[in-house]
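Worksheet: the structure to be examined is printed underneath.
The values are calculated or read from the model by the stated rules, or taken from the named source; none is laboratory data. Note that the coordinates shown come from a computational prediction; the quantities given were computed from them, not determined experimentally. Positions of Cβ are backbone-derived with ideal geometry, glycine not excepted, and every protein chain shown enters the neighbour counts.
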């Protein structure tokens, strides 16, 4: 389900001494303090750690929706901080898929229309979009729910639609922030299984999670604390 | 997709959208009515003046037509002078007077016009025949009702009343030959018309051959203003008021109306603008999380801006179309009330629908709707994606 963007064994994400500071009530909060990290194509990485340790901030930096205060982030061989807002938006559209804890589907659109949205934004023709929507909804086992609105779907179904939306433009990298955070254990397990299947099918995944089961499903687990990586362990090598 | 999303966003909070659209519609209706009012009376008055094909009125010098009881002596002589001018193709002398009769010993008063039936432009026949001989007259339906008469009846009309003798003077028996609708008279005013010489004889103006006004028709393409100047210079007893001059005087008298209309119209435009801005801003504030996610997944700023602008445009367009219908209904209703104002010609419309002015007003409203979307669109487009997502997650 992925497309090759960069040749050879170059990492799909390469972060070097990345820092991110926020001003908060006149003081600087150091959310990420000098993180260096490579994510290879086909990897399934879980970033874990206590709340406020900088996991989500790091994910935003890897996903080019935030800019580092220092250091560099390279995604698929490109430096988003060197791009204009228009370029970086297009870059996200074409190369990165996002899954959020609260799904964030457009409540006014059906499941199919939600999945179609990134493709419409990319300019794919209607026929191609519709075919891809069918393919993706079948992949996440929601073919029969295409016309349902998010409010007519369960939490797990909404998250699966969100995953299908994230995969719409065949991204090089799928980023997920607490994707099981709003789900009960059984539904969370279904989503974890879906992520495993996606990774087996070739999608590079980085998830931020508190969910131990989700973290254990990843091939590599990065532990963060106070804005730095304290442990980086490979559980299973890429096949 | 953008239009679809914009409309879908509006449908999401139907009551809110409908209330805002209704507010914009009321503002649009008021704006349309003010536009119709500001130009309506002038255009309507212009139509009235030119309806019978007379381009000029000649009242006694220093007066306006029928503004006073002043008369012009020597009508025949003046008509002969005017006919010397080849550009003048018709002259209609008109004498105005008040006439009286009684019905069951109760007085009935009417406005009487002495005219030349062959060139008159004051009434249109509805039934019967014109008053072509000295013993006949035409009357409007209001007079017939007031006097309890019908076509073919003969009545005695008096042009004066002597209070010492307690008797009518200048009486004449006349047969009602036809029913007519008087163009320049106000609603409900009883009126009759008879040959000029009949009314002159009744009102004591026969000897001096007096009239109240001349209406002058010129050849098509003639320079009316030049003819007016020639008349002013040649006949010192009259003023020559062309339709353009009459409209200029109307403009002067209606300037307060126009200013009031302009101010109220501007206020309604601002109200429509603020309503739309408020609704779209509230809508954007409700959706900051969604918008941040759209931006995160790669939806461009331009898309977000277009979508928000389309929301504002859709509200103002919907409001404008509703306002058009509402404005027309309101204008018709107000026109009915104002047209019955005493002393005004019944044919005068206060609110006249002029398509160009109406479309301009509604176009302005739609433009204001687009402008109303600028602030919320800017706010939506400039949302910091990461910070908004973080704040949403915390919330």
- Query: Going through the stretch B:1-43 one residue at a time, which ones are away from every other protein chain (no Cβ under 14 Å) and free of Cβ contacts under 8 Å to residues at least 60 places away in the same chain?
  - Reply: B:15, B:18, B:19
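Can you name the residue in the stretch A:114-126 that is farther than 22 Å from residue B:392 by Cβ and not in a loop (DSSP other than H, G, I, E, B) and is also nearest to the other protein chains (Cβ to nearest Cβ) among such residues? Explain how you work it out, then say what you get.
In the first step, residues of the stretch A:114-126 are kept if they are farther than 22 Å from residue B:392 by Cβ; the result is A:116, A:119-120, A:122-126.
Then keep just the ones that are not in a loop (DSSP other than H, G, I, E, B); that gives A:116, A:119-120, A:122, A:126.
Details: A:116: 8, A:119: 10, A:120: 4, A:122: 8, A:126: 10 Å.
Selected residue: A:120.
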- Give the residues of the stretch A:189-203 that are crowded, with 21+ Cβ neighbours inside 10 Å and over 13 Å from the mean Cα position of the chain (by Cα), sorted by residue number. A:191, A:192
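When you check residue B:344 against the structure, is it more than 30 Å from residue A:61 (Cα to Cα), away from chain A (no Cβ under 14 Å) and touching a strand residue (DSSP E or B) at 6+ places or on another chain (Cβ under 6 Å), yes or no? Give the derivation first.
Numbers: more than 30 Å from residue A:61 (Cα to Cα): yes; away from chain A (no Cβ under 14 Å): yes; touching a strand residue (DSSP E or B) at 6+ places or on another chain (Cβ under 6 Å): yes.
Here the answer is yes, as residue B:344 does meet what is asked.
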- For the stretch B:272-289, enumerate the residues that are surrounded by 19 or more Cβ atoms within 10 Å (Cβ to Cβ) and part of a helix (DSSP H, G or I). B:272, B:273, B:275, B:276, B:277, B:279, B:280, B:281, B:283, B:284
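So that you can scan it fast, the table gives a plain yes or no per residue for (1) in contact with a helix residue (DSSP H, G or I) (Cβ under 6 Å, 6 or more places away or on another chain); (2) surrounded by fewer than 20 Cβ atoms within 10 Å (Cβ to Cβ):
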| site | (1), (2) |
| --- | --- |
| B:293 | no, no |
| B:296 | yes, no |
| B:304 | yes, no |
| B:311 | yes, no |
| B:320 | yes, no |
| B:326 | yes, yes |
- Looking at the stretch B:328-344, is at least one residue within 27 Å of residue B:276 (Cβ to Cβ) and not in a helix (DSSP H, G or I)? no
- Message: I'd like the full set of residues that are within 10 Å of chain B (Cβ to nearest Cβ) and crowded, with 22+ Cβ neighbours inside 10 Å, limited to the stretch A:102-112.
- Response: A:103, A:104, A:105
- Message: Just to be sure before I move on: is residue B:383 part of a loop (DSSP other than H, G, I, E, B), modelled with pLDDT of 85 or more and more than 20 Å from residue B:273 (Cβ to Cβ) in the structure I sent?
- Response: yes
- Query: Does any residue of the stretch B:272-283 turn out to be modelled with pLDDT of 90 or more, out of contact with any helix residue (DSSP H, G or I) (no Cβ under 7 Å at 6 or more places or on another chain) and within 14 Å of another protein chain (Cβ to nearest Cβ)?
  - Reply: no
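Within the stretch A:1-105, considering only strands (runs of 3 or more DSSP E) that don't extend past its boundaries, which have at least 3 residues that are out of contact with any helix residue (DSSP H, G or I) (no Cβ under 8 Å at 6 or more places or on another chain)? Explain how you work it out, then say what you get.
Values: elements: A:13-24, A:27-39, A:44-48, A:70-75, A:96-99.
Here the list reads A:13-24, A:27-39, A:70-75.
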- Among (1) under 36 Å from the mean Cα position of the chain (by Cα); (2) at pLDDT 90 or above; (3) surrounded by fewer than 14 Cβ atoms within 10 Å (Cβ to Cβ), the one test that residue B:341 misses: (2)
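Within the stretch B:297-318, can you find the residues that are within 9 Å of chain A (Cβ to nearest Cβ) and farther than 13 Å from residue A:106 by Cβ?
Quick first cut of the stretch B:297-318, residues within 9 Å of chain A (Cβ to nearest Cβ) only: B:297-303.
Across the stretch B:297-318, the qualifying residues are B:298, B:300, B:301, B:302.
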- Members of the stretch B:200-219 that are at pLDDT 90 or above and either in a loop (DSSP other than H, G, I, E, B) or closer than 29 Å to residue B:87 by Cβ (or both): B:200, B:209, B:210, B:211, B:212, B:213, B:214, B:215, B:216, B:217, B:218, B:219
- Task: Spot the failing condition for residue A:59; the list is (1) touching a residue at least 60 places away in the same chain (Cβ under 8 Å); (2) crowded, with 20+ Cβ neighbours inside 10 Å; (3) more than 17 Å from residue A:16 (Cα to Cα), and only one is missed.
- Result: (3)
